[in-house]
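First comes the structure, then the notes that go with it.
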Amino acid sequence: MQIVKLNKNNIPEIAKEINRGRVVICPTDTVYGFLADASNKKAVDKIFKIKNRPRSKPLAVFVKDIKAAKELAEISDSQEKILKEKWLARPKPAGGGGPGKFSFVFKRKKTSNRLYGLDKKTVAIRIPKYKFLNVLLSKIDKPLVQTSVNVSNNPALSKISDIIEQFAKQDVLLIDGGNLKKSKASKVIDFSEEEIKILRN
C-alpha cells in the first residue's frame, strides 16, 4: 500500500497511476471507495479479488458529467432532467440526501462494451458531489468503476486506521482524506425498465 495525502496538487500523479492500472482508495461524498479505470480489465479484476467480491455483483461507475453518462447509457430527455436535479442542483436546506448521492441504473449502450466489471445489460452511474473526485474524473476523462472499501458483505470502512489494517498488504494507492463521518451509501434508482424501482433507499 502506498499512501498520499488528499491534496489537489497530487491529482496529476494519481491520475497517472490510475491510467497505469493502479487501484485507488479514495474518499467520496459517501464512504471511502475503491476506484479503477473501467476500461482496464486487470485493474477491475483486482478490485473483485481484493474485496473477495463475487462476479455476480457488478460494479457501478463514476463519470465526470452527464454527457459522459449518456455515452454509456440510454438516457431519455425526461430522465436527463432528473439527473440534473439529483446530481447538479445545490443542496436544499432541509437536506434530503444532497446532490450526488444518487446512483441510477440504465440500459447500457454498445459504446460501453469495452468497460469491465459491469452488468451485461445495464450500468449503474453516478456523478459524485466531491470536488477532489470531480477534478480527478475530469483529469482522467474516462469512467471509473467504484465500490465501497470493505471485504464483501462487511461494513464499509470510514477510518484510515481500519483501512490500513485491512488492506496494507495490497498493491493499492490510498488517498488519505482523514476519517469520514458515518454516511449512508448512495440511493440507487433503476431506470432500466418501464417501471422505476428503488433498489437501495
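The values are calculated or read from the model by the stated rules, or taken from the named source; none is laboratory data. Given the structure is predicted, the values throughout are model-derived calculations rather than measurements. Glycine also receives a Cβ, built like all others from the backbone with ideal geometry; neighbour counts cover every protein chain displayed.
If I filter region 141-148 for residues that are over 17 Å from the mean Cα position of the chain (by Cα), surrounded by fewer than 15 Cβ atoms within 10 Å (Cβ to Cβ), at pLDDT 90 or above and outside any helix (DSSP H, G or I), do I get at least one hit?
no
Looking only at region 153-199, how many residues end up being among the charged types (D, E, K, R) and farther than 17 Å from residue 82 by Cα? Steps first, answer last, please.
In the first step, residues of region 153-199 are kept if they are among the charged types (D, E, K, R); the result is 159, 162, 165, 169, 171, 176, 181-182, 184, 187, 190, 193-195, 197.
Checking the rest, the ones that are also farther than 17 Å from residue 82 by Cα come to 159, 162, 165, 169, 171, 176, 181-182, 184.
Within region 153-199, residues that are among the charged types (D, E, K, R) and farther than 17 Å from residue 82 by Cα number 9.
Please specify each residue of region 123-140 satisfying the condition of being in contact with a strand residue (DSSP E or B) (Cβ under 9 Å, 6 or more places away or on another chain), surrounded by fewer than 21 Cβ atoms within 10 Å (Cβ to Cβ) and either modelled with pLDDT of 95 or more or of a type in the set (A, V, I, L, M, F, W, C) (or both).
132, 140
Could you look through region 12-52, keep only residues that are among the aromatic types (Phe, Trp, Tyr) and at pLDDT 95 or above, and pick out the one that is nearest to residue 136 (Cα to Cα)?
Of everything passing the filter in region 12-52, 34 is nearest to residue 136 (Cα to Cα).
Among the listed residues 164, 189, which satisfies the condition of being in contact (Cβ under 8 Å) with a residue 24 or more places away in the chain, not in a strand (DSSP E or B) and not polar (S, T, N, Q)? Quick ask: steps written out before the conclusion?
Working: 189 fails: not in a strand (DSSP E or B).
After applying the criteria, what remains is 164.
Do we have residue 78 as part of a helix (DSSP H, G or I) and of a type in the set (S, T, N, Q) here?
Against the criterion (part of a helix (DSSP H, G or I) and of a type in the set (S, T, N, Q)), residue 78 qualifies.
For region 99-120, which positions are part of a loop (DSSP other than H, G, I, E, B) and either without any contact (Cβ under 8 Å) to a residue 40 or more places away in the chain or within 20 Å of residue 57 (Cβ to Cβ) (or both)?
Within region 99-120, 99, 109, 113, 115, 116, 117, 118, 119, 120 meet the criteria.
Looking at region 1-29 only, could you name the residues that are touching a Leu at 6+ places or on another chain (Cβ under 7 Å), part of a loop (DSSP other than H, G, I, E, B) and among the hydrophobic types (A, V, I, L, M, F, W, C)?
Hit for region 1-29 is 1, nothing else.
Which condition from (1) closer than 12 Å to residue 173 by Cα; (2) of a type in the set (A, V, I, L, M, F, W, C); (3) in contact with a Phe, Trp or Tyr (Cβ under 7 Å, 6 or more places away or on another chain) is the one that residue 47 breaks?
All conditions pass for residue 47, except number (1).
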